Amino acid sequence: MATGGLASGEESAAPASEEERDWSEMTPVCLAEAFSRLALEDLWRGAMACCRSWRDAARSRPGLFAALDLEPGFAESTPGAEAAAWWTPAFQRRVDAMLRSAATLAAGELREVRVRHCSDDGLSFAAERSPSLSILSIRTSPAVTDRSMLIVGACCTMLTELDISNCYEVSYKSLEVIGQSCQNLRVLKRNIFNWIDPSEHVGIVPEDYLRECPQDGDREAVTISKFMPKLKILELRFSKLTAVGLNSIPGGCKELEVLDLFGCANLTSRGIDQAAANLKNLETLVKPNIYIPRSSFHMGRYGHWQLYDERFQTNVFQI
């Protein structure tokens, strides 16, 4: 009986001990420290949504919102209907809302933004409130134009990395302003969708957008070489630049260590090697190295020789 009584006492003591734990009594400082160890999704959808005291604790430390990285979510998504939904106005509004919230909560301390499908309005709002921004990746944002990029150049002069891949409404004018204002820019990614074989994007990317592929690759390359002399990494995948644009890069971007020209169908292997020879710090060179269908070219007489030269010298033409 005594043993039974002791066991019963222990059982009744356990709940009492648990009742004494009141997480709401944690100080804001302790809460903020705990929140700093959370992943982005857990912070936004967990801690911030729990209760007012937790939300206030998170807001008391702007550094918690120094980075807005949505890229893992995009990368983990399955291609198909979900990816196609990214191109809808509703999804764009959601991304803009998160961008505005992050810029507001960071209170000037936002340093890294990696999103897709934002708009001019959302990007402008964040840029105007983020003077410390150093990394900006807005790849595949069809609603971003020169209007917001000019604001980025004016307000975010500490940029070191910029990814504007697949942003077809951003022109060489933005590159010029960014280059003039952001003297510490080291990484530029200006890739475009695969226009040689767009089948991989069918059903996801709107066909009319694929057809709007930027044609001024040479002008962009010349602008980059003139206004971004400190670049270390330059990606121009599937750009339509020719030898004219390529030859301008070594003259201005002398510190380049990585040059990615994958899919640049208007270049020859010989021309690429000649340009690379003038980049003394170059460590990694990615050549086009793809099969180029003859139908992708608008050839005049004897144009097939250019095609033969490209196939042969990139080592993809196999007998």
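What the table shows:
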{"read-out": "Counted charge near Ile233, where neighbours are those whose Cβ lies closer than 9 Å (Asp, Glu -1; Lys, Arg +1)", "value": "-1"}
{"read-out": "Per-residue SASA entry for Ser141, accessible area with 1.4 Å probe, Å² rounded to 10", "value": "0"}
{"read-out": "Once the Cα gyration tensor of region 67-293 is diagonalised, semi-axes √(5λ) in Å", "value": "28, 23, 14"}
{"read-out": "GluC sites (Glu not before Pro) within region 230-293, DSSP loop, no more than 12 other Cβ atoms inside 10 Å", "value": "Glu283"}
{"read-out": "Average accessible area per residue (Å²) across region 67-293 - probe 1.4 Å, nucleic acids and ligands excluded", "value": "42"}
{"read-out": "Cleavage-rule hits, trypsin sites (Lys or Arg not before Pro), region 193-280, DSSP coil, Cβ neighbours within 10 Å at most 13", "value": "Arg211, Lys280"}
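The values are calculated or read from the model by the stated rules, or taken from the named source; none is laboratory data. Keep in mind that this is a model prediction, so the values were computed, not measured. Methodologically, a virtual Cβ is constructed for each residue, glycine included, from the backbone with ideal geometry; neighbour enumeration extends over all protein chains shown. Each accessible area value is taken on the protein alone, full model and side chains, heavy atoms only, with ligands, DNA and RNA left out. Shrake-Rupley method; radii C 1.70, N 1.55, O 1.52, S 1.80 Å.
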